[in-house]
Amino acid sequence: MPLPKIAIGCDHAGFVLKEDLRSKLQEAGYQVKDFGTYSLESVDYPDYVHPLATSVEKKENDFGILICGSANGVAMTANKHPNIRAAIAWNDEVAALARQHNNANIICLPARFIEEPKAEEMVRIFLNTAFEGGRHTRRVEKMKLEA
């Protein structure tokens, strides 16, 4: 079974962590699409989040990784997309539960509050944890708003 395609993006606060994760994922054999930003220069995160989330919605990428200082801004922005379930993770258990119970398709990392090894482990867990389905399927389906 091929490895999932990964979309990764960040703002300036998440740039260093994004570069580390991108490199580690590529070394592990993942196909990674980098949506930016590409430097430490101050940027507006929605400019990077919306294209990344769209790529996950269109199934051009299987999962997304978004990084900003607190992870709140990128998560709020990504979750505006109707088929995105972006989850903020700060420890291993939360990363696993985001997949197991919420079928999250984007993990959001708070670069100012976690170290690179912890981020790498949470991403590994997120990418290798399956959605449990069952009673959680009903709950995930209820997340969508009807127009």
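Every number in this text was worked out from the coordinates using simple rules, so none of it is lab data. No experiment lies behind these values; they were computed from the predicted model shown. Cβ sites come from the backbone with ideal geometry, for glycine too, and all protein chains shown count toward neighbours.
Annotations for the structure displayed:
- Here's the picture: charge each Lys and Arg Cβ at +1 and each Asp and Glu Cβ at -1 in the chain, and of Tyr38, His136, Phe63 the one pushed furthest to the positive end of that dipole is His136.
- Neighbourhood charge, 14 Å Cβ-Cβ cut-off, centred on Ile67 and excluding it, Lys, Arg +1 and Asp, Glu -1: -2
- Net charge of Cβ neighbours under 12 Å - reference Glu57; Lys, Arg +1; Asp, Glu -1: +2
- Once C-alpha pairs closer than 8 Å and six or more residues apart are averaged by separation and normalised to the residue number of the chain, the relative contact order reads 23 percent.
- Relative intensity of region 87-147 on a log10 scale, I(q)/I(0) at q = 0.13, 0.22 Å⁻¹, equals -0.36, -0.81, per a Debye sum over C-alpha point scatterers of equal strength in the absence of solvent.
- Charge dipole (Cα centre; +1 on Lys/Arg Cβ, -1 on Asp/Glu Cβ; no other charges) of the chain amounts to roughly 660 debye.
- Kirkwood's formula applied to the C-alpha pairs of the chain gives a hydrodynamic radius of 15.0 angstrom.
- Shown here for region 1-79: GluC sites (Glu not before Pro) in loop regions (DSSP other than H, G, I, E, B) with at most 13 other Cβ atoms within 10 Å, namely Glu41, Glu60.
- Each Lys or Arg adds one and each Asp or Glu subtracts one; over the other residues with Cβ under 14 Å from the Cβ of Thr77, this totals -2.
- Tilt relative to the chain, helix 46-57 - C-alpha long axis, 0 to 90 degrees, to 10: 40
- Under 16 Å between alpha carbons - lysine pairs in the chain that sit 8 or more apart or on different chains: 14
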